[in-house]
Amino acid sequence: MKLTYIIVDPNAIQRLHLIQIFKKVEALSKKAEFSNAVDALNFLKYNSIDLIFLASKLRVYSGFDFIAKLCDPNQVIFLTEKAEDALKAFELGLTDCIAPPYSLERIEKAVLRAQINLQSKRALQPNNEKIIEVKHNLKIEKIASSKIKWIEAMGDYIKIITQEKNYLVLSTMKAFIKKLPENQFLRIHKSFIVNLNRVANYSANSVNIDGIDLPLSRNKKKDFRQTITQH
């Protein structure tokens, strides 16, 4: 299982040394490197990665301040010389904490732990569950397809209605439906895409999800009825 990673370390020489070691780890694929936390956080607003190699000493924010600002609980391998940092890393549930000198064997062990963690996390997801990544409020967020109730067109944006909250995303309906599981979602109107698993009942002109009636357009009725009866 290949893991995409970033490294955040203000020490250019140490960063170069670590990246040379990472190149020898077949499971790793570098996405970016950063000398400071601010640039790394900005990158993570728009990009999704599997693993972060994070130095404890950073400009502006400390390594632990950086972790507190993460919106997504990425796997983090903490790089530090301080023994007390290892205890705090353990308390926070970080993947691993490594002290210099950094060796290939030690890094491979930490990466293996990250792989196991990610595999366990994915195993807890429902079978055939698809995770959709969207950019909402300048952050990349992940939504399980089963939690989406429906999608609504709003000008240049779409509104994604889920169990927990709603997301406003810059996208067309046509582009977004391509990201969804084909046998689970259907466009019932120029302004609505529904999760067929969420449909409670329907009539000649509407589809009901959680007590809300959504319009069923005339030219979508045939497709909807054929699909819902086979679902």
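Inside segment 137-164, can you point out the residues that are under 23 Å from residue 190 (Cβ atoms) and either surrounded by 15 or more Cβ atoms within 10 Å (Cβ to Cβ) or of a type in the set (S, T, N, Q) (or both)? Once the filter is applied, which keeps residues that are under 23 Å from residue 190 (Cβ atoms) and either surrounded by 15 or more Cβ atoms within 10 Å (Cβ to Cβ) or of a type in the set (S, T, N, Q) (or both), segment 137-164 yields 143, 145, 148, 149, 150, 151, 152, 153, 158, 160, 161, 162.
Taking residue 120 as the residue in question, decide whether it is touching a residue at least 40 places away in the same chain (Cβ under 8 Å) and of a type in the set (Gly, Ala, Ser).
Values: touching a residue at least 40 places away in the same chain (Cβ under 8 Å): no; of a type in the set (Gly, Ala, Ser): yes.
The answer is no for residue 120.
When segment 35-50 is filtered for residues that are within 19 Å of the chain's Cα centre (by Cα), buried (at least 19 other Cβ atoms within 10 Å of the Cβ) and without any contact (Cβ under 8 Å) to a residue 60 or more places away in the chain, the ones remaining, listed by number, are 40, 49. Among the residues of segment 93-117, those identified as touching a strand residue (DSSP E or B) at 6+ places or on another chain (Cβ under 8 Å), without any contact (Cβ under 8 Å) to a residue 60 or more places away in the chain and under 23 Å from residue 139 (Cβ atoms) are 94, 95, 117. Considering the conditions (1) free of Cβ contacts under 8 Å to residues at least 12 places away in the same chain; (2) on the phi > 0 side of the Ramachandran plot, residue 138 is excluded by exactly one of them, (1).
Each value in this text was obtained by applying a stated rule to the coordinates, not by laboratory testing. Every value quoted in this text rests on a predicted model; they were computed, and no experiment measured them. Positions of Cβ are backbone-derived with ideal geometry, glycine not excepted, and every protein chain shown enters the neighbour counts.
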